[in-house]
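First the structure, in the form of structure tokens, and then the observations on it.
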Amino acid sequence: MNILTFDTEEWYFEKNVHGGRDWKYRQFDESLDRLLPALDKRGLKATFFCLGKMATDYPYVVKKIHSAGHEIGCHSHTHTWMNKLTAEEALADTRQAVDALEQLIGEKVKSYRAPAFSVGETNTWFFEILAECGITRDASVFPASRELGGFKSYGSAEPATIQYGNAIIHEFPVNTMQLFGKHIVCTGGGYFRIFPYWLIHHLVKDKEYAIFYFHLADLLDEKRPRLSREQYERYFKEPGTFLNRWKRQLKTNIGVSGAFAKLERLLDAEQFVNIDKADSFIDWTTKRTVKL
Ligand SMILES: [Zn+2]
């Protein structure tokens, strides 16, 4: 089963980090206007994880996605990493985001993905918060060690039921695989952009479970500028040294050209569903339960 997801935060990020440049907004609009028909023509429905702030500040973007028949999931309110918040702050953020999205689309929001997969061993209480906000499925787990923490004890990269107290969440973890001893993800992000099409297709084609995640900015075929020290520190809440900013620049820009064409090729070669459909297709009684 292949699941197609997009994280949608560009417009908000543009305003809050770069100050809001009209031509950049137009580019994101165009990127979305290229993506939605590409999905429609193949009869595909995806899950778009949107910020709560996208619903309040850029409602036309969320509405456009929703009216094209895609699932609207929640991607936090202002793209703050959940492992940098207290439980109280994380609850306030999630509630605000879910409320804003639901109010706009007039529907219950059931799927969630934390910014940068920032839910792991240090903040397992977050699953209780999700349940409290009416979320029933989550796609925030990176089931291996990583710079940002990760959630190694989750185990294999397969869907499972997460149980935290009375909270029950259906988890759709990102697919990790080992390459030269390192855990990597090729179904989105930098490795999707670097790896040639044939390799990605080879790695996922007979998989029982593969979840893809993209950002609209990844599909723009254009390099992003390096953040200033101040922008970096404001957003990432860590020292904006030259090295940190250089690493971030490399990560976000590597292989950006040709990413959209690669995605389209993949959409032609494989079947995809969104999280809502995947959740109903899976027989959860056959899946393991991860008790936290
Ligand atoms: Zn994001």
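The chymotrypsin sites (Phe, Trp or Tyr not before Pro) of the stretch 132-231 that meet both conditions, a loop assignment by DSSP and at most 12 other Cβ atoms within 10 Å of the site Cβ, are Phe180.
Under 5 Å between amide hydrogens, built in the peptide plane, is the criterion, and for Asp7 it picks out Phe49, Phe214, His215, Leu216 among residues at least 5 positions away or on other chains.
What value does the stretch 4-130 have for Rg/Rh, both radii from Cα atoms and Rh as Kirkwood defines it?
Rg divided by Rh gives 0.98.
The stretch 1-52 and the stretch 182-205 have Cα centres spaced 21 Å apart. Dividing the summed helix terms, -39500 (n - 2.57) for each DSSP H run of n ≥ 4, by the number of residues in the chain produces a 222 nm estimate of -11500 deg cm²/dmol to the nearest 500.
Separation of the alpha carbons by more than 18 angstrom is noted, of Lys108/Lys291; Lys182/Lys205; Lys45/Lys110; Lys64/Lys277, for Lys108/Lys291; Lys182/Lys205; Lys64/Lys277.
Taking only the C-alpha atoms of the stretch 56-97, the Rg (one decimal) and the largest Cα-Cα distance, Dmax (whole number), read 12.5, 36 Å.
Taking the centroid of alpha carbons for each part, the stretch 63-89 and the stretch 102-134 are 8 Å apart. Straight-line cross-link reach from Lys15 at under 13 Å between alpha-carbon atoms covers these aspartates and glutamates, not counting any fewer than eight positions away in the same chain: Asp57.
Phi-derived couplings, Karplus 6.51 cos²θ - 1.76 cosθ + 1.60 at θ = phi - 60°, listed residue by residue for the stretch 53-62: 5, 5, 5, 7, 9, 9, x, 5, 5, 5 Hz, with x used for Gly and Pro. Taking amide H positions as modeled 1.01 Å from N, with prolines and chain starts lacking one, the residues under 5 Å from Gly188 and 5 or more places away or on another chain are Tyr213. How much of the DSSP bridge set in the chain is antiparallel, in percent, rounded to the nearest 5? For the chain, the DSSP antiparallel bridge percentage is about 30. Over all distinct Cα-Cα pairs of the chain, the Kirkwood formula returns a hydrodynamic radius of 19.3 Å.
All of the numbers you see were taken from the coordinates with simple rules; none came from a lab. Bear in mind that the values here come from a model prediction, so they are computed numbers and not experimental data. All Cβ positions, even for glycine, are placed from backbone atoms using ideal geometry, and neighbour counts span all protein chains on display.
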